[in-house]
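A quick write-up on the structure given underneath.
The values are calculated or read from the model by the stated rules, or taken from the named source; none is laboratory data. Keep in mind that what you see is a predicted model, and the values were worked out from it rather than measured. All Cβ positions, glycine included, derive from the backbone under ideal geometry; neighbour counts span all protein chains shown.
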Amino acid sequence: MKINGETSKKFGSVPVSNLFISDFLPGLSGDAVKMYLTLQLYSGQNVKYDEAGLANVLGVDISVIDACMIELESKGLISREEKEIILPDLVEKHVRDNYNPRTAPRDTSAVNDRTHLLRAISDRFFGGQMSQSWYNDIVFWADTYGFCDEVVFMIFQQSTDHAMNRPYMKKVMEAYSERGIKTVEQMNSWLQKRDTYMKLRSKVASNLKLNPLTVYQEKYIEKWFYEYGYGFDVIDLALREGAGMKNPSLNLYDRILTDWHDAGITDADAVKAHIAARRKAAQARTDGKGQSGARNNTRGRNYDQRQYSEGFYDSVYGDENGNGDGK
């Protein structure tokens, strides 16, 4: 006796492995996800592969189909042999990649030493469903970059405002390593400095009406704060100096601050003394020109000395840097 069951192609279901959701979904583009699910549907119906047909079904250009195929293949979700697409069993693939028999015993000491950390990250950021690939990567990052367990957890905490996937977290870990952060004390010190920078950044952007800042505009502010070590008191003096010049811009403010930095000026008091000295020198040169003109007056007439406003000295200061209205 043969038993047959009726199945509906239209109202059936497509099985999706939990591993696809936990290990692959966060790192895939939306088009690639649609492509993968469509291929899963077609694989159960023995549909022949046709790029143009897939493009019509998904409502995208055929170039998108090509890009998705490359993306899925690079993740190991599909393989292509001539005109055939193979969708591997993800459970079998996971076991093969992570639990293959080895000639030497697997070193599990690193994972065992960080059991508490791995469990805490899984519970806090993955609802207790963190995949094995995350476990391996976290142990690798901690060992490679020399992070203590608390720092690894803190890095995850600082990354919750971004879609958390392994390629992104790898870049984040590299960035913290480049800052020389390994201990909790170093991490707290950097976070405190970062908080100070964010407040300064907000003030500068507000004063210049640059909301939101572009990536390129923020590079200037990062340089003034992190490289030059200037607080808002010094930066504000530069903004005031540049405001009276022709066509003020971030590039102009950067030249002013760079001039101060190169001169070894480190605080607001030294900046004020520097500005006063520049203006005094400019006034002396102007007064000297006026006296020379009076001596060369052949008619011997007396003229009242011209009075120069403070704005005039600003323009002279700007002219010396090639930025002002001075002639």
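For region 219-250, residues that are among the acidic types (Asp, Glu), in contact with a helix residue (DSSP H, G or I) (Cβ under 7 Å, 6 or more places away or on another chain) and either modelled with pLDDT of 90 or more or not assigned by TED's automatic domain parsing to the domain that holds residue 270 (or both) total 1.
Scoring residue 32 on the criteria (1) closer than 25 Å to residue 163 by Cβ; (2) at pLDDT below 85; (3) touching a helix residue (DSSP H, G or I) at 6+ places or on another chain (Cβ under 7 Å); (4) among the small types (Gly, Ala, Ser) leaves a single failure, condition (2). Scanning region 235-262 for residues that are over 28 Å from the mean Cα position of the chain (by Cα) and part of a loop (DSSP other than H, G, I, E, B) turns up 244, 245, 246, 247.
If you check 319, 314, 269 for being under 30 Å from residue 204 (Cβ atoms) and either at pLDDT 90 or above or among the aromatic types (Phe, Trp, Tyr) (or both), only one passes: 269. The C-beta contact set for region 262-289 (first residue touching a residue at least 40 places away in the same chain (Cβ under 8 Å) and farther than 20 Å from residue 228 by Cβ, second residue among the basic types (Lys, Arg) and in a helix (DSSP H, G or I), distance under 9 angstrom, 6+ apart or interchain) is empty. Only one of 71, 6 is at pLDDT 80 or above, acidic (Asp, Glu) and either outside any helix (DSSP H, G or I) or not assigned by TED's automatic domain parsing to the domain that holds residue 129 (or both); which? That would be 71, the only listed residue that is at pLDDT 80 or above, acidic (Asp, Glu) and either outside any helix (DSSP H, G or I) or not assigned by TED's automatic domain parsing to the domain that holds residue 129 (or both). For region 126-138, check the following and say yes or no: at least one residue is surrounded by 18 or more Cβ atoms within 10 Å (Cβ to Cβ) and under 22 Å from residue 195 (Cβ atoms). No, region 126-138 contains no residue that is surrounded by 18 or more Cβ atoms within 10 Å (Cβ to Cβ) and under 22 Å from residue 195 (Cβ atoms).
Counting the residues of region 16-31 that are acidic (Asp, Glu) and buried (at least 17 other Cβ atoms within 10 Å of the Cβ) gives 1. Of all residues in region 206-226, those being assigned to a helix (DSSP H, G or I) and touching a residue at least 12 places away in the same chain (Cβ under 8 Å) number 10.
Beta carbons closer than 7 Å, at least 6 apart along the sequence or on distinct chains, pair a first residue in region 124-139 that is at negative phi with a second that is not in a helix (DSSP H, G or I) for 125/164; 139/114.
If the condition is being hydrophobic (A, V, I, L, M, F, W, C) and surrounded by fewer than 13 Cβ atoms within 10 Å (Cβ to Cβ), then region 198-253 contributes 198, 215. Would you be able to say whether some residue in region 154-164 is over 21 Å from residue 130 (Cβ atoms), within 18 Å of the chain's Cα centre (by Cα), surrounded by 13 or more Cβ atoms within 10 Å (Cβ to Cβ) and not aromatic (Phe, Trp, Tyr)? Scanning region 154-164 turns up no residue that is over 21 Å from residue 130 (Cβ atoms), within 18 Å of the chain's Cα centre (by Cα), surrounded by 13 or more Cβ atoms within 10 Å (Cβ to Cβ) and not aromatic (Phe, Trp, Tyr).
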